[in-house]
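K.L.:
I'd like to ask you about the structure that follows.
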């Protein structure tokens, strides 16, 4: 099994080189725990990581237990993503930015 960083780099390269391509075999990578640690590492360095989201969750609540729950629900196909709140930010000229 290749390290997740290598897999992610390959996916990124392929998606940049093949913009019209539809990638259909990505789900299996979501079952790899090291992928979540890579994502958390990037997320935690962000200044907004401690800001509560729509579900009052922060990056501080992330850990091995949460990763295992996500992977388990993905593997038994019971995972239901939470809806995202969309905010429109008014700009000076009357337009809105998402």
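What follows draws every value from the coordinates through simple rules; no lab data is involved. What you see is a predicted model; the values in this text were computed from it and never measured. Here Cβ is always computed from backbone atoms with ideal geometry, including for glycine, and neighbour counts include all displayed protein chains.
K.L.:
Mind checking which residues of the stretch 75-98 are closer than 18 Å to residue 40 by Cα and either over 15 Å from the mean Cα position of the chain (by Cα) or surrounded by 10 or more Cβ atoms within 10 Å (Cβ to Cβ) (or both)?
P.N.:
none
K.L.:
Quick check on the stretch 6-36: of everything there that is under 18 Å from residue 71 (Cα atoms) and surrounded by fewer than 12 Cβ atoms within 10 Å (Cβ to Cβ), which residue is farthest from the chain's Cα centre (by Cα)?
P.N.:
Step by step, filter the stretch 6-36, then rank; the result is 25.
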